[in-house]
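To start, the structure itself, in structure tokens.
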Amino acid sequence: MKMQPVNNHGQRTILFKSHLSAKNTIPSKIQACLPKNDLKGQSVAVIGLGKSGVAAVKLALARGASVVAVDQNENLDPLEKDPLFSKHNNVKTILGHFDERLLRDADRVVVSPGVPLETNGLSSLLQSGKGVMSELDFAAEVLPSCTKILAVTGTNGKSTVATFAGQMLNHLDFKTFVGGNLGVPLSEAALQCLTSTPQSPMFKASTVAVVEVSSYQLEIPPKHFFPSVAVILNLTPDHLERHNTMENYALTKCRILSHMSGRKMGVLPLGNQHLNDAMRSFANDLNLAWIGAFPGVRINLEAKVASFKIPCVERVSELQLGAMKTIGMHNYHNAAVAALSVIGLDTAIDAEAISSTIGKLEVPPHRMQIGCNSLSPEFCNDFRMLVEIYNCVISVTLAYHDLTHLSCGSQELFQIRQGSSGFERLMEPLKYHRGVVTIFLGSMGTIYELTWSHNSMKFGSSGMTIQKTLSANGLSIPCVRATNLNDAVKQARRMTSYGDAIVLSPGCASFDEFTSFEHRGRVFQELARLSE
């Protein structure tokens, strides 16, 4: 990678050309790169039938392919029974065990992000040169070449940054798709491009695609996914059951930068050694900007001001963040990074233009979301881990000083080191809270072992682990145990008084009681309403 030193932090960059006008860079009508039926006569196997997989099936059928849709869950309904696919006679669903020769016989194999490459011989197929690709890449192959892609990845915060960036662009009248790992799969956007006509309301396709990208979507090296701006927000231990080591995790994340050159900009956090080492594996020319240094963005949380400097452009611009209505000072950071990313798209948007959007930003569901704004108390739903154990970032304490903390712990999402759960690091920030409610589903008999962790933990056991750790370290505020979320809300309600907030902010995954974090958030909001 060709770089030039630019500051005393040891970070490097290459020339970034000045912005072109939006009028010259964004056409009013966009058509797909590929003609309809470009896969006619070919067979496509889609592995994994979650949202991404089903969207890939629809896209493959629209491209004229015959599709074999595969999922190991035998309880799913075959796609042939879905009204969306009833008119197609070239789709076949296989649930449960299947003959792996089916994949070898397919012309292409599209893999959903939830499917590890170690299953079904996918890794060996990929190494053999077979056309194995991610759903993300399968969709990107269809997107118009003139569509600008803003890609956001990282261990934490990517949904909020992607949402903020999409809102900024939409408020500035750029037709923008926001999705990927967040919400709507990219294959849906590609399908709209493919099937739109001059007569249809969708003909004016998205001019910018803001795509949240998970590490799972980057396990298969992309060949068609070419972001104009790619952001890696942070990298902390997570998903190591798939990636095994932090080195592999960093390399996987950095694949988001693998096809970027010219005026395209990559954004990295300052001082992450794993990412810095991984970047050496990429040989393309790349503009680099930094979260926390110039070129890039510097954020003064106390003054609520973000300062920007685009690589090799001398002028420094500022963005006032004080107009934000979202909860939590960490969202000033998220908005600043989103603004840098939007400016880097090279569409004549600058900090002055973005300032008009700051007061309109709204967090995505289940991220510091007010569920009930009654006189006492206030309920707030934040699905993310409240605590990044390794960075000891307690974002919610920056927004509130009197909190009742609901922790729905069941599975530790970090590696337990030297027999320690890591929860002792909660002691300092929790002294600003009123109390802690932990949830322990002791009656559950199912055991799920985190094999990648140094110590295996039983399904539903983290609530007790949290409570024991806090008590053993002399926690000075009440710490009580609940049997489920309903019980936890009731107990938290008893601790609160006027002006307090009850925050659902899990320190661990907690899907033993729920099907997903969205399900958990909806239940919490309903409990908040019932408690008025």
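The values are calculated or read from the model by the stated rules, or taken from the named source; none is laboratory data. Remember, it's a predicted structure, so these values are computed and weren't measured experimentally. Every residue, glycine among them, receives a Cβ derived from its backbone with ideal geometry; neighbour counts consider all protein chains shown. Note: accessible area is taken over every heavy atom of the protein model, side chains too, but ligands, DNA and RNA are not part of it. Shrake-Rupley method; radii C 1.70, N 1.55, O 1.52, S 1.80 Å.
Step through the table entries LYS253/LYS360; LYS264/LYS309; LYS87/LYS175; LYS148/LYS309; LYS175/LYS304, compare each Cα-Cα distance with 25 Å, and write down the pairs that go over it.
Details: LYS253/LYS360 30 Å; LYS264/LYS309 15 Å; LYS87/LYS175 31 Å; LYS148/LYS309 21 Å; LYS175/LYS304 29 Å.
Checking Cα-Cα distances, LYS253/LYS360; LYS87/LYS175; LYS175/LYS304 exceed 25 Å.
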* In sequence order, what are the phi-derived ³J(HN,Hα) couplings for region 341-349 according to the Karplus relation 6.51 cos²θ - 1.76 cosθ + 1.60 with θ = phi - 60°, rounded to whole Hz, with x for glycine and proline? -> 5, 5, 4, x, 5, 6, 10, 6, 8
* To do: Quick one: which residues, 5+ away or cross-chain, put their amide H under 5 Å from the amide H of THR93? H built at 1.01 Å from N.
  => ALA69, LEU79, GLU80
* Return the FRET efficiency for the residue pair GLU241, SER356: r is the Cβ-Cβ distance, R0 is 45 Å, and the value is rounded to the nearest 0.05. => 0.55
* To do: With all protein chains present, calculate the accessible area of ILE47 using a 1.4 Å probe and round the result to the nearest 10 Å².
  => 10 Å²
* Asked: Whole-Hz Karplus ³J(HN,Hα) for region 158-174, in order, using 6.51 cos²θ - 1.76 cosθ + 1.60 and θ = phi - 60°, x for Gly and Pro?
  -> 5, 5, 5, 5, 5, 5, 4, 4, x, 5, 4, 5, 5, 5, 9, 6, 9
* To do: Taking H placed 1.01 Å from N in the peptide plane, check which residues at least 5 places from ALA482 or on another chain put their amide H under 5 Å from its amide H.
  => THR438, ILE439, PHE440
* Taking the Cα centre of each part, how many Å lie between region 53-126 and region 294-317? -> 46 Å
* **Global geometry of region 41-94, whether rounded, prolate or oblate, following the gyration tensor of its Cα atoms and the 1.5 cut on a/c** => prolate
* To do: Calculate, in nm to one decimal, what LYS431 and ALA472 gain on full extension: separation in residues at 0.36 nm each, minus their alpha carbon distance.
  => 13.3 nm
* Cα→Cβ-extended label distance, 7 Å offset, between THR483 and CYS146, nm -> 6.3 nm
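Suppose the chain between ASN73 and ARG101 were pulled fully straight at 0.36 nm per residue; how much longer would it get relative to their current alpha carbon spacing?
Numbers: separation 28, 0.36 × 28 = 10.08 nm, distance 1.93 nm.
Length gained, ASN73 through ARG101: 8.2 nm.
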* Structure fact -> Rounded to the nearest 0.05, FRET efficiency between PHE282 and LYS81 (Cβ-Cβ, R0 45 Å) equals 0.50
* To do: Using θ = phi - 60° and the Karplus relation 6.51 cos²θ - 1.76 cosθ + 1.60, list the HN-Hα couplings for region 286-298 in order, rounded to whole Hz, with x at every Gly or Pro.
  => 7, 7, 10, 10, 10, 7, x, 7, 9, x, x, 10, 10
* In terms of the Cα gyration tensor, with a ≥ b ≥ c the square roots of its eigenvalues, is region 137-276 rounded because a/c is under 1.5, prolate because a/b exceeds b/c, or oblate? -> prolate
* To do: Specify whether the C-alpha gyration tensor of region 268-315 places it in the rounded, prolate or oblate class, a ≥ b ≥ c being the square roots of the eigenvalues: rounded for a/c under 1.5, otherwise prolate if a/b is larger than b/c and oblate if not.
  => oblate
* Amide H within-cut-off set for VAL231, under 5 Å, with H built and near neighbours excluded -> ALA151, VAL152, THR153, VAL267
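Given a 1.4 Å probe, how much area per residue of region 219-343 is accessible, in Å²? Let's see the in-between values first.
Working: 4640 Å² over 125 residues.
In whole numbers, region 219-343 has 37 Å² accessible per residue.
Viscosity 1.002 mPa s, temperature 20 °C: Stokes-Einstein D of region 200-300 from its Kirkwood Cα radius, in µm² per second? It would help to have the intermediate numbers written out before the result.
Working: Rh = 14.7 Å.
Rounded to a whole number, D works out at 146 µm²/s.
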